[in-house]
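The structure appears right after this line, and notes come after that.
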């Protein structure tokens with residue numbers, strides 16, 4: 001029985017690592033497209049209206065990504081769906097002549113529109129972890145403190161009325177890391193819980 005449990009734990013940890021790699025790949029593609037849209041506007045290859053449409057598509061993809069990934073895992077099927085959406089947006093960025101810039105999001109989501117929902121969802125997962133004894137009170141306090149600091153940072157960044165995509169990306173990466181710790185602790189009691197160092201999540205240039 002002990003060998004079986006150990007083997008099961010190893011499998012779960014490996015699946016978690018694969019899921020984290022999937023998520024990192026999706027986030028990298030989103031960031032790359034955001035940069036290329038900015039460059040397209042600067043070079044006169046995209047109009048401001050076209051760029052806004054492409055960014056709105058990306059905001060929706062980011063929203064869908066966050067929704068799928070906030071249980072701590074991104075499945076191969078979810079990765080495939082997100083890749084398909086990113087491929088569609090990418091074709092419009094690369095060659096708008098043959099792939100006219102169009103809206104394909106199902107609902108318009110502002111930049112950073114899912115941040116507070118993600119914080120609320122992680123709070124619920126932490127409370128569930130306490131009830132199931134997968135998290136100690138001390139570990140939960142650290143995770144909740146991380147969420148409170150992320151929420152405060154969100155409100156600080158929104159003082160000028162809105163977030164830019166770099167600020168939203170930074171907040172999402174912090175929430176991703178907190179989510180990963182919640183998931184890891186649920187499947188491996190020895191997984192570390194740590195206070196987030198915001199300096200490790202500097203804005204992308």
- Query: Failed condition for residue 133, given (1) closer than 26 Å to residue 153 by Cβ; (2) assigned by TED's automatic domain parsing to the domain that holds residue 164, with all others met?
  - Reply: (1)
- Examine the stretch 107-120 for a residue that is farther than 17 Å from residue 171 by Cα and exposed (fewer than 14 other Cβ atoms within 10 Å of the Cβ), and state whether such a residue exists. yes
- Looking across the stretch 42-63 at residues that are touching a helix residue (DSSP H, G or I) at 6+ places or on another chain (Cβ under 7 Å) and surrounded by 16 or more Cβ atoms within 10 Å (Cβ to Cβ), the single one that is farthest from residue 93 (Cα to Cα) is 62
- Note on the structure: Scanning the stretch 133-173 for residues that are free of Cβ contacts under 8 Å to residues at least 24 places away in the same chain and farther than 24 Å from residue 60 by Cα gives 133, 136, 137, 138, 140, 141, 144, 148
- Item | Residue tally, condition at negative phi and over 17 Å from the mean Cα position of the chain (by Cα), over the stretch 99-140 | 25
- Item | Residue count, the stretch 161-205 (criterion: in a loop (DSSP other than H, G, I, E, B), surrounded by 13 or more Cβ atoms within 10 Å (Cβ to Cβ), modelled with pLDDT of 85 or more and over 16 Å from the mean Cα position of the chain (by Cα)) | 2
- Note on the structure: residue 33 meets each of (1) surrounded by fewer than 19 Cβ atoms within 10 Å (Cβ to Cβ); (2) in contact (Cβ under 8 Å) with a residue 12 or more places away in the chain; (3) over 30 Å from residue 126 (Cβ atoms); (4) under 22 Å from the mean Cα position of the chain (by Cα) with one exception, condition (1)
- Item | Enumeration of residues in the stretch 78-99 that are out of contact with any helix residue (DSSP H, G or I) (no Cβ under 6 Å at 6 or more places or on another chain) and modelled with pLDDT under 90 | 95, 96, 97, 98
- Query: So residue 158 clears everything in (1) within 21 Å of residue 69 (Cβ to Cβ); (2) at pLDDT below 90; (3) part of a helix (DSSP H, G or I) except one condition, right? Which one?
  - Reply: (1)
- The residue from 91, 162 that alone is in the same structural domain as residue 30 (by TED's automatic domain parsing) and within 24 Å of residue 29 (Cβ to Cβ) is 91
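The values are calculated or read from the model by the stated rules, or taken from the named source; none is laboratory data. Bear in mind the structure is a predicted one, so any value in this text is a computation, not a measurement. Backbone-built Cβ (ideal geometry, glycine too); neighbour counts: all protein chains shown.
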